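*Asks:* I'd like to ask some things about the structure below.
The values are calculated or read from the model by the stated rules, or taken from the named source; none is laboratory data. All of these numbers come straight from a predicted model, not from anything done at the bench. Virtual Cβ from ideal backbone geometry, glycine too; neighbours counted across all protein chains shown. Ligands, DNA and RNA are stripped out before the accessible areas are found, and what is left, the full protein with its side chains, is counted by its heavy atoms. Shrake-Rupley method; radii C 1.70, N 1.55, O 1.52, S 1.80 Å.
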Amino acid sequence: MKERKKLTFWETVKRQWSLVVGLKVTGKNYIKPQITTHYPRQTVDNISTFKGHVQLVGKPKQPDVAKCICCMLCVTSCPSSCIKVVKMKPPKEDPIPEAAAPKDMPDAAQPAKQAPPKAKAPKTPVKWTLDFNLCSLCGTCVEVCPVKSIEYSNDSYLAGYSRKDFEYDLLADLKERAAKMPAPAPKKAPKAVEKETAEQAEA
Amino acid sequence: MLKFDDQILGDAYCRHFERGPDDDTMVINMGPQHPSTHGVLRVVCELDGEYIKRAEPVLGYIHRMHEKMGETKTYWQFLPNMGRVDYLHAMGWAHTYVMAVEKLGGIEVPERAEYIRVIMTEMNRISSHLLWWGAYLLDLGAFTPIMYAFADREIMLDIMQDPTGSRLTYCYHRFGGVLKDLSPAVLESIRDWVKYQRERWPMYKDLVTDNVILRGRVENIGVIDKDMAIRYGATGPVARGSGINYDCRKNEPYSVYDRFDFDVPVHQEGDAFARYLVRVEEMEQSLRIIEQALDQIDKAEGKHIVKKAPKPTYKAPAGEVYMATEGARGKIGIHVASDGSKTPYRIKLRAPGYCNLSLFAELATGTILADAVSILGSIDLVIPEIDR
């Protein structure tokens, strides 16, 4: 146990004075306007730069169809394995049509059966899910995406009753967002057409 | 009965607390949920009245095997883990890790990215120290300072959110650069904030540093002498509060730290108040570094923030490398051994808090319980860093 040293009168006064100085600071801050945000009545305004959960980006002409080309780079780079992408299956191949050559023709003379070229699988996702419970918000998926099909959302006020509430189906989410988007502005008529219509109107 | 070296207490974490038949002592657990243990640290204390006969930190409540995880994930995938090792100085850990991998693979970093890294790491150091300042005083019974510290920290976090997108567990560093450039608007807001923060120090001093109650709680408490600090491998403000003039940024300069003029605050007393002063002065020095970096960043060669980014499936060449930097709590060390594959062969993290915590058992012995709280707080622990 440390021993208390005896204080002189002025030392005691000096020590007590430090409390008054501290109170002065508290007093000054007390009369200042409040800086706290009264959530949920108020919300903060700097959400635009916040790195929320990821969401898909639609094609410019078809905002409800994702730009994603199913390259799986986001899936391989994700440290938490929270992204799942399922590629659309290739269409079923048609059975090889019977050769039109007459049956009595010898086999050697029959035209060789050519296998039709294999149909390529379309580069379209049928399932794109994000398990936000596992996401570590590193942003690697957004960085590695070669077609810029993923972006950060500004969804920051998250609340739910179970973990399932944070397992997002991002394709459905994209369609929902596209439906809410304002209708595109009508295309402007080319100048030549405009002139013609104007002339017709004059005539 | 286990035998242990009396010279280094606290190292044998599994020592038994066996009481003799005549002992009139009481064993209590401080933590793992006690607010003064700053996370999930459990301290088993053997008390004789109010005096501590023995105090032993017990770890393992938040162990997430970061080092083992490093062996199963690619170099890229391990990067966000750095923000979780020390959540208050995420930038410092990420900086060390990317530098280690860059050293291993010979990846070039543009000059502008180096300046950005320094600015962000130093801002993160201040935010870490500010939170410590508030939390330490909260431990000692003062509630007001943490509100002021949070208000100031909030301004800094708003600025850092713009380029990084997050507010605590940043994943901003990249191999060969950083994620996003600092826009002129952000640079300007950092300048304004540096001026604002400078004006706040006198208020901090009036409110807390000169306060007689704080002085009574921290002066001559938990005295660590120079030999003891060296014996336990203490680094950072704990060592500098004991008169050891060692700072990685000065002694083993990395990044562009050799281009800045700043002082290393050192106090000889070795008590909790010396450690307090070192951290408060360090914040001022960090502001100096940020100011100089802001002046020099426009003169940096090129405008790249990443010259050539390695792919997510990057394979580092075989070999091993050790990188040490100065974190908010002391020396951060990362040792990476590579066998030339996509994943590191072995990763070892040297957390400063772990060595600093090992001092606690010796410091707390013989003091009263209230002093143990002020000793524990003055070491500035972040338990996830210790427990990894």
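*Asks:* In this structure, does residue B:19 turn out to be at pLDDT 85 or above, surrounded by fewer than 16 Cβ atoms within 10 Å (Cβ to Cβ) and part of a loop (DSSP other than H, G, I, E, B)?
*Replies:* Taking the combined requirement at face value, the residue does not satisfy it.
*Asks:* With the condition kept exactly as written, say whether any residue in segment B:63-73 is modelled with pLDDT of 90 or more, closer than 29 Å to residue B:187 by Cβ and away from chain A (no Cβ under 13 Å).
*Replies:* No, there is no match, as no residue in segment B:63-73 is modelled with pLDDT of 90 or more, closer than 29 Å to residue B:187 by Cβ and away from chain A (no Cβ under 13 Å).
*Asks:* Ok, one more. On the given criteria, is residue B:170 of a type in the set (Ser, Thr, Tyr), within 14 Å of chain A (Cβ to nearest Cβ) and assigned to a loop (DSSP other than H, G, I, E, B)?
*Replies:* Details: of a type in the set (Ser, Thr, Tyr): yes; within 14 Å of chain A (Cβ to nearest Cβ): yes; assigned to a loop (DSSP other than H, G, I, E, B): yes.
Yes: the conditions hold for residue B:170.
*Asks:* Being over 17 Å from residue B:311 (Cα atoms) and open to solvent by less than 10 Å² (accessible area, probe 1.4 Å) is the filter here, so list the residues in segment B:172-184 that pass it.
*Replies:* Residue satisfying the conditions is B:182 alone.
*Asks:* Let me ask something else. Find the residue count for segment A:117-148, including only residues that are touching a helix residue (DSSP H, G or I) at 6+ places or on another chain (Cβ under 9 Å) and basic (Lys, Arg).
*Replies:* Going through segment A:117-148 one residue at a time, the tally reaches 2.
*Asks:* Then there's this: Would you mind finding the one in A:147, A:85, A:126 that is open to solvent by 60 Å² or more (accessible area, probe 1.4 Å), at pLDDT 85 or above and over 28 Å from residue B:168 (Cβ atoms)?
*Replies:* A:126
*Asks:* Now for a different question. For segment A:61-69, indicate whether the set of residues that are at the interface with another protein chain (Cβ under 10 Å from one of its Cβ atoms) and not in a helix (DSSP H, G or I) is non-empty. Lay out the reasoning, then the answer.
*Replies:* First, the residues of segment A:61-69 that are at the interface with another protein chain (Cβ under 10 Å from one of its Cβ atoms): none.
Within segment A:61-69, none of the residues are at the interface with another protein chain (Cβ under 10 Å from one of its Cβ atoms) and not in a helix (DSSP H, G or I).
*Asks:* Continuing with this model, one more query. Cβ-Cβ distance below 7 Å, separation of 6 or more or different chains: which pairs start in segment A:4-27 with a residue that is facing another protein chain (nearest Cβ under 10 Å) and end on one that is of a type in the set (A, V, I, L, M) and surrounded by 11 or more Cβ atoms within 10 Å (Cβ to Cβ)?
*Replies:* What qualifies is A:15/B:212; A:18/B:212; A:19/B:212; A:22/B:207; A:25/B:203; A:25/B:207.
*Asks:* Collect the residues in segment B:248-269 that are open to solvent by less than 80 Å² (accessible area, probe 1.4 Å), in contact with a helix residue (DSSP H, G or I) (Cβ under 7 Å, 6 or more places away or on another chain) and part of a loop (DSSP other than H, G, I, E, B), keeping them in residue-number order.
*Replies:* Across segment B:248-269, the qualifying residues are B:254, B:255, B:256, B:260, B:262, B:264, B:265, B:266, B:267.
*Asks:* Would you pick out the residues in segment B:310-331 that are assigned to a loop (DSSP other than H, G, I, E, B) and exposed (fewer than 15 other Cβ atoms within 10 Å of the Cβ)?
*Replies:* Hits for segment B:310-331 are B:311, B:313, B:317, B:318.
*Asks:* I'd like to check something: does segment B:208-215 contain any residue that is buried (at least 22 other Cβ atoms within 10 Å of the Cβ), modelled with pLDDT under 90, more than 21 Å from the chain's Cα centre (by Cα) and within 14 Å of another protein chain (Cβ to nearest Cβ)?
*Replies:* yes
*Asks:* Hey, another quick one. Taking residue B:187 as meeting all but one of (1) within 25 Å of residue B:95 (Cα to Cα); (2) under 18 Å from the mean Cα position of the chain (by Cα), write down the number of the exception.
*Replies:* Every listed condition holds for residue B:187 apart from (2).
*Asks:* Just to be sure I understand, how many residues within segment A:152-174 are under 13 Å from the mean Cα position of the chain (by Cα) and either closer than 16 Å to residue A:50 by Cβ or in a loop (DSSP other than H, G, I, E, B) (or both)?
*Replies:* Of segment A:152-174, the ones under 13 Å from the mean Cα position of the chain (by Cα) are A:152-156, A:168-174.
Among the residues that remain, those that are also either closer than 16 Å to residue A:50 by Cβ or in a loop (DSSP other than H, G, I, E, B) (or both) are: A:152-156.
Residues in segment A:152-174 being under 13 Å from the mean Cα position of the chain (by Cα) and either closer than 16 Å to residue A:50 by Cβ or in a loop (DSSP other than H, G, I, E, B) (or both): 5 in total.
*Asks:* If you don't mind, there's one more thing I want to ask. Which of the residues that make up segment B:186-241 are assigned to a helix (DSSP H, G or I), closer than 23 Å to residue B:327 by Cβ and of a type outside the set (Val, Ile, Thr)?
*Replies:* Selection gives B:193, B:197, B:201, B:204, B:226, B:228, B:229, B:231, B:232, B:237, B:239, B:240.
*Asks:* Among the residues of segment B:371-388, write down those that are among the hydrophobic types (A, V, I, L, M, F, W, C) and either without any contact (Cβ under 8 Å) to a residue 24 or more places away in the chain or farther than 19 Å from residue B:61 by Cα (or both).
*Replies:* Result: B:372, B:373, B:375, B:379.
*Asks:* Just a yes or no: is a residue in segment B:140-149 more than 9 Å from every other protein chain (Cβ to nearest Cβ), surrounded by 20 or more Cβ atoms within 10 Å (Cβ to Cβ) and touching a Phe, Trp or Tyr at 6+ places or on another chain (Cβ under 8 Å)?
*Replies:* Yes, segment B:140-149 contains at least one residue that is more than 9 Å from every other protein chain (Cβ to nearest Cβ), surrounded by 20 or more Cβ atoms within 10 Å (Cβ to Cβ) and touching a Phe, Trp or Tyr at 6+ places or on another chain (Cβ under 8 Å).
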